[in-house]
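Here is the structure we will look at, set down as structure tokens.
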Protein chains: 2
Amino acid sequence: MNIKKPRGTRDFPPSELAAREYIKSTLSQVFEAYNYQRIQTPTFEHAELFQLKSGEEIEEHMYVFEDKSSRKLCLRPEATASVCRMFSEELRSIRLPLKLYYYGPMFRYERPQKGRYREFWQIGMELIGPQSPESDAETILLAYDSLTKLGLTFTLEIGHMGIIRGLMSDLKIDENIQNKVIACIDKGDISQLEQLVDNPVIHDLIKLKGSVNVITQADNILNEYKTAKTAFNELKEVLEWLDNMGTEYCLNLGIARGLEYYTGTVFEIQIPKLGAQSQICGGGRYDNLIELFSGLKIPAVGFAFGFDRIMNAIKLQGIKIPEKRADLVAAPVNNAMRQHTLKIISPLRDTFIVDFDVMNRKLDKILKYAGDIQAKYVLIVGPEDLKDNQVTLRNMGDGKQEKIKITDLENRLTKLCR
Amino acid sequence: MNIKKPRGTRDFPPSELAAREYIKSTLSQVFEAYNYQRIQTPTFEHAELFQLKSGEEIEEHMYVFEDKSSRKLCLRPEATASVCRMFSEELRSIRLPLKLYYYGPMFRYERPQKGRYREFWQIGMELIGPQSPESDAETILLAYDSLTKLGLTFTLEIGHMGIIRGLMSDLKIDENIQNKVIACIDKGDISQLEQLVDNPVIHDLIKLKGSVNVITQADNILNEYKTAKTAFNELKEVLEWLDNMGTEYCLNLGIARGLEYYTGTVFEIQIPKLGAQSQICGGGRYDNLIELFSGLKIPAVGFAFGFDRIMNAIKLQGIKIPEKRADLVAAPVNNAMRQHTLKIISPLRDTFIVDFDVMNRKLDKILKYAGDIQAKYVLIVGPEDLKDNQVTLRNMGDGKQEKIKITDLENRLTKLCR
């Protein structure tokens, strides 16, 4: 029999998973330093949760299936809709703001390629309650600080959905067309965009990308469009908070985001050399989504990191991740020593990583194994030593050996390994 | 719109998830202290992987679905088959023994009840390579030490599949009937068992449960049955290792385990007062499963904890879990102070959990919020203080306030919070 893992999924062997856990833990620490608290939603949801507002592109690629009671379920393709559902169902009585984050697998049935998997991981946050420039700024800063903490080089682009949507409202463009325009901008499909709308102001606006000079240009373009201008002024307030913190960013009024629910500030983070899957973060303000689920008019803002892409970026940029190695491999010199040895090492496991040979191997084989797994020390337990209540500690780095009283073992190892 | 989470699944709010993460991390530390390394397999697999050898009971309750290419997939109902599949596909060239552990959600479509969910978590280990009493002992000890570390009171029962299977072979009972007998024993369905086999030796054997006296009784019962006796002697060697470590256990020759793949030592751990879902751990030796997937004759042993049941046991036995609270809530006294405040707290986030008000609230509201979230301190930033490069720190426990130079803030907080 030869069963493989399903296409587009991955197995993570120890070294790879350890690196992922290290990065996850570093990111979690930054999220928690901002006082965001982790929550968890189910791996599958009722399919309609995502069919409502996650956008056509995601819906097309969802894993939808029926359970044995013919419920239409779906492996979650993203987390924001789930968090809003959870908020409506269980968290609505908690005082606001709610500062939440999540980490977990998401699922999309797409053609697998480098940096794109059918089961992929996201870590992200949602800030529920505030509608203020500083809440948008905190969201962007949290993403920015997280990646800075990892040591990554990246570019941050910021836009605002209210500008393009406001402009289209000011131009009296139907909301249905608006959604199609947004989808075209997101895909970069300019020719279809030209078929949908021929107003040059829209085409000029979405080309605006750069730093301070963009602000003047946008001010000029939007001068006569009141709703768009209001949105742009909102964005300027967010930027002021970021400037105060020395955040480096690029303004991009052509950011449209694939998800239909964004209403205000939006941002994307890229690692340019990652190729086709270079976007490692996307987020923004979504002020109507919670109302849709709960009836409560509660604004929110958030972002998600593509965790697998961050791992690719870490590799690409040569960022070192500390390795965990066994401190000690226990090596009884003969059969009679084996149970004694287990008794000696057992209390050490409160503090150290201690491997015990379960293959009943001879000393030379255990030493070879200790070398293979890059253990730091080997503890040799023999009958002569044991009579004197001592053991032999072998440094696997330089091969030097020392005798140590069993009662001193823990202190000595603390000095050597910690 | 009113979409709920799917039946049998759960949302985990911050406090509950924090407790779960704490327990998960404590258990992981014990696994890692034994030098087990974490791996991860996909959330779904090809359905046939589990249809082969996981046993009828699990197969009945699997979430099977087709993807858009008509692949028959399945949310994993347990992890051991996945780990063996991963071993065959990717780890077979690595030196043995492989000491692996995993943590993640599993899925079974069953009637939800207390302690039984459709999405539930397991943490478990697999020791691939050895076929020795000490490897069985290490497996049992790792489970035992993990629960001891958590402070839980529990009972451990040990049996051996080779005894009942060996007895049936010695009695020349067909293997098909053997599997049915095992299933009956596992379900405790004695009347169906009596219909299947009428040999009194089987019925006497599976009733044997207790400590040392059981050994003599089993020796007597099995005296004429060579295969069964050999298996029993194997088990006695495992027990010798456990006795050496002072492990408390109960022998139970009626343990049958629901999974068909077990071949040798098996064990279960119960928390008696948990009611119908009192079993929190099950495991044992499965020497043929890897061969089934890879063609390589490699023995293995492992166990899984029902993580949700452990969490229930923690609650039931009143075991305290430390809480994480915000160290600091930043409180600018007026609008002009807001951006200054963010600049002051930003570097503190390398070490402390610092909440920043993003609702543009007045000082009294921020103090109220800090009280609600049980923050340890509030940092009040006002214009007079700022002129002197200082801030005011308010202890939320006793309400006392002190002035601190901004340059001394980090040191002072380290003293107070760490």
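Rule-based calculations on the coordinates, nothing more; no lab input. Here the structure is a predicted model, which means the values were calculated and not measured. Don't worry about glycine lacking a Cβ; one is built from the backbone with ideal geometry, like all the others, and counts go over all protein chains shown.
Per-structure values
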read-out: Cβ-based exposure ranking for A:T148, A:T265, B:T9, in which fewest neighbours within 10 Å come first; value: A:T148, B:T9, A:T265
read-out: Length-normalised contact order for region A:320-374 - Cα pairs under 8 Å, 6+ apart - percent; value: 47
read-out: Choice from B:K24, B:K400, B:K149 showing the highest fluctuation, given a GNM over chain B with Cα pairs closer than 10 Å; value: B:K400
read-out: Part-to-part distance (alpha-carbon centres) for region A:104-149 and region A:387-411, which is given in Å; value: 49
read-out: In sequence order, calculated HN-Hα J values of region A:75-90 (Karplus, 6.51, -1.76, 1.60; Hz; x Gly/Pro); value: 5, 4, x, 6, 9, 4, 4, 5, 5, 5, 4, 4, 4, 5, 7, 9
read-out: Point-to-point label distance, B:S93-B:E384, nm (Cα→Cβ direction, 7 Å offset); value: 7.3
read-out: Nearest residue to the symmetry axis between B and A, taken on chain B by its Cβ, in whole Å; value: B:F65, 2
read-out: Label 7 Å beyond Cα on the Cβ vector: B:T414 copy-to-copy distances, nm; value: 2.1
read-out: Extent along principal axes [Cα atoms of region B:82-126; Å; largest to smallest]; value: 43, 17, 10
read-out: Footprinting exposure proxy for B:L208, A:L52 (fewest neighbouring C-beta atoms within 10 Å first); value: A:L52, B:L208
read-out: Cα-Cα over 24 Å, subset of B:K24/B:K187; B:K99/B:K226; A:K207/A:K315; B:K365/B:K400; B:K149/B:K324; value: B:K24/B:K187; B:K99/B:K226; A:K207/A:K315
read-out: Between 0 and 90°, nearest 10: helix A:133-150 axis offset from chain A longest Cα axis; value: 30
read-out: Simple label model, 7 Å out from Cα along Cβ direction - B:R325 to A:L292, nm; value: 3.9
read-out: Tilt relative to chain B, helix B:212-222 - C-alpha long axis, 0 to 90 degrees, to 10; value: 30
read-out: Karplus 3J(HN,Hα) series, Hz, for region A:117-125 with 6.51 cos²θ - 1.76 cosθ + 1.60 (x for Gly, Pro); value: 10, 7, 10, 9, 10, 10, 10, x, 9
read-out: Length released on extending from A:E240 to A:M359, taking residue separation times 0.36 nm less the Cα-Cα span; value: 36.4 nm
read-out: Under Karplus coefficients 6.51, -1.76 and 1.60, residue-wise ³J(HN,Hα) of region A:360-367 in Hz, glycine/proline x; value: 6, 9, 6, 3, 5, 5, 5, 4
read-out: Listed residues B:Y101, B:Y109, B:Y262, most fluctuating in chain B (Gaussian network, C-alpha, under 10 Å); value: B:Y109
read-out: Copies compared at A:K172 - label distances in nm, ascending, label defined 7 Å from Cα in the Cβ direction; value: 9.7
read-out: Chain A, relative contact order [Cα under 8 Å, separation at least 6], %; value: 15
read-out: Acute angle (nearest 10 degrees) that the helix A:307-316 long axis makes with the longest principal axis of chain A, alpha-carbon atoms; value: 70
read-out: Distances in nm from B:P112 to the matching label points in the other copies, shortest first (labels 7 Å along Cα to Cβ); value: 3.2
read-out: Region B:328-417, relative contact order [Cα under 8 Å, separation at least 6], %; value: 28
read-out: Amide H within-cut-off set for B:Q131, under 5 Å, with H built and near neighbours excluded; value: none
read-out: Other-chain or far-sequence residues with amide H under 5 Å of B:D355's (modelled H); value: B:L328, B:V329, B:A330
read-out: Amide H contacts of A:M396 (H built 1.01 Å from N, under 5 Å, at least 5 apart or other chain); value: A:Y377, A:V378
read-out: Fewest-first ranking of A:Y249, A:Y36, using other Cβ atoms within 10 Å as the exposure measure; value: A:Y249, A:Y36
read-out: Where the Cα pairs of region A:194-327 fall when distances are cut into 10 Å bins, in %; value: 10, 30, 33, 19, 6, 2, 1
read-out: Chain A - Rg over Rh from alpha carbon coordinates, Kirkwood radius; value: 1.12
